[in-house]
1. Could you please let me know if S81 is of a type in the set (S, T, Y) and either within 16 Å of the chain's Cα centre (by Cα) or farther than 30 Å from D216 by Cβ (or both)?
2. Checking the conditions here, which among K44, K85, K95 is more than 30 Å from K387 (Cα to Cα), assigned by TED's automatic domain parsing to the domain that holds V300 and without any contact (Cβ under 8 Å) to a residue 40 or more places away in the chain?
3. Would you be able to tell me the number of residues in the stretch 275-319 that are closer than 18 Å to N219 by Cα, out of contact with any Ser or Thr (no Cβ under 8 Å at 6 or more places or on another chain) and not hydrophobic (A, V, I, L, M, F, W, C)?
4. Which residues, counting only those in the stretch 326-339, are within 25 Å of the chain's Cα centre (by Cα) and either surrounded by fewer than 19 Cβ atoms within 10 Å (Cβ to Cβ) or among the small types (G, A, S) (or both)?
5. Select from the stretch 104-126 the residues that are in a loop (DSSP other than H, G, I, E, B) and touching a Leu at 6+ places or on another chain (Cβ under 6 Å) and list them in ascending order.
6. Can you name every residue in the stretch 245-268 that is in contact (Cβ under 8 Å) with a residue 12 or more places away in the chain, assigned to a helix (DSSP H, G or I) and not charged (D, E, K, R)?
7. Of the residues that sit in the stretch 351-394 and are basic (K, R) and within 26 Å of D319 (Cα to Cα), which one is modelled with the lowest pLDDT?
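The values are calculated or read from the model by the stated rules, or taken from the named source; none is laboratory data. No experiment lies behind these values; they were computed from the predicted model shown. Here the Cβ positions follow ideal geometry from the backbone for every residue, glycine too, while neighbour counts run over all protein chains shown.
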Amino acid sequence: MLELGTFNVKDVLVEMKDLSGSMLDLAYSAVLYSNPEIAKEVFKLEERMHSLLYKMRIAIMLGARNLEDAIEFSGILQIASAAEKISSAAGDIAKIAESVDITRYLDRSDFEEAVVNVTIKSASELKDKTLDSLQLETKTGMSVSAIKRGSKWIYLPDGDERLGEGDLIIISGPTEGIPVFCKLATGEEYKEKEAEEPPDVVGRKITEEIADLMADMKNMSELMVGLAYSAVMFESKEIATEVKELEETMDRMKDELEILVIKAAKGITKRSTFDEFRGLLHIAISSEIISDAAYEIADVVIRDIRLHPVFLASIKESDEVILKMEVKNEDIFDKTLKDLKIETRTGMFILVIRRATGRWVYNPAGDAVLKEGDLLIMRGPREGEEKIMEICGC
């Protein structure tokens, strides 16, 4: 195993992958709750990622003994650099929370994966229990990205972390898992906060169009990252090519949002409204950067760059596993994802369904019907692997 002092390449690859995903959740949490404090924590993690990439470059240069090693390590370095770009984009998203409130332009219900802040209350069923014992991901579909305890932040908390009253938890997962999780955390029925009315100066229709497109770009960028790692994990050029095509779609979506914002700005004279539009454009650009980084990861497969075994080992040890599974269980044929509640029962997020006909269904909605021969590509907690295998009949 490559090492630099106490530095282990595999361990750092694991941390970089997990940290970049966690940073995205924290960055969107900062924006959705207009919370500069969370944004500052994202910036600290961004510095951590820069340091990890620096160490990675040194270790790889020291570890290459011949041309074959250099080729295998170049792919690892390309993926590590992409992970660092994702973290930088997360930092840029978080910066918006420091300067402007754009929550009125964001509709959380349109997000494939919600990001929610919850405080543990005295009546909570989670209080004084460890994350491992609670198995939240396989019971609610929600995963804990960070915990704020007093003035201290705990990122990517270990399973033996014990939750306490007053802890602020940042969670992410399917929207249908929010009410269950929030009731466990607070002891109270969950009530969705009513969305703020958009400013009259912009207009309801165009504001809704902007909100829809912002959600689509967020969903698409996160999907692409998941698919890119899947392409590498399964050495699939087919999946990698899909990522390339989605990257081109993301470029068009960014152009469309820019046009919408320019239209909305017509006749506007209020500085604060212009600041909001600037924030929207910054997030759109960051989402497009994330999609570019996803393509960089997939490009390793497209170019037939053979990866050093250390990389696949790091993926397997990540907090989040990537699975490819065929639907064989007759009991779930012709049932919808909503009926099966796969995400909340297993914590596995279905990135794509590949039909037997060859058609791809990205970010499938709850009304998507499973058919015999469907191939599911998923990501989620390793504890959910056994449950999803049972559901699919594997």
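1. Considered against the rule, which asks whether it is of a type in the set (S, T, Y) and either within 16 Å of the chain's Cα centre (by Cα) or farther than 30 Å from D216 by Cβ (or both), S81 comes out as no.
2. Numbers: K85 fails: without any contact (Cβ under 8 Å) to a residue 40 or more places away in the chain; K95 fails: without any contact (Cβ under 8 Å) to a residue 40 or more places away in the chain.
After ruling out the rest, the residue left standing is K44.
3. 4
4. Those that are within 25 Å of the chain's Cα centre (by Cα) and either surrounded by fewer than 19 Cβ atoms within 10 Å (Cβ to Cβ) or among the small types (G, A, S) (or both): E326, T336, K338, D339.
5. If the condition is that a residue be in a loop (DSSP other than H, G, I, E, B) and touching a Leu at 6+ places or on another chain (Cβ under 6 Å), then I120, E125, L126 are the ones that fit.
6. Once the filter is applied, which keeps residues that are in contact (Cβ under 8 Å) with a residue 12 or more places away in the chain, assigned to a helix (DSSP H, G or I) and not charged (D, E, K, R), the stretch 245-268 yields L246, T249, M250, M253, L257, L260, V261, A264.
7. Taking the stretch 351-394 as the starting set, the residues that turn out to be basic (K, R) are 354-355, 359, 371, 379, 382, 387.
Those left that are additionally within 26 Å of D319 (Cα to Cα): 354, 379, 382, 387.
Values: R354: 90, R379: 89, R382: 83, K387: 89.
Per the stated criteria, the residue is R382.
Yes/no per residue for (1) more than 30 Å from K10 (Cα to Cα); (2) in the same structural domain as S236 (by TED's automatic domain parsing); (3) out of contact with any Leu (no Cβ under 7 Å at 6 or more places or on another chain):
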residue	(1), (2), (3)
S272	yes, yes, yes
F277	yes, yes, yes
I285	yes, yes, yes
I302	no, yes, yes
F333	yes, no, no
I342	yes, no, yes
R355	yes, no, yes
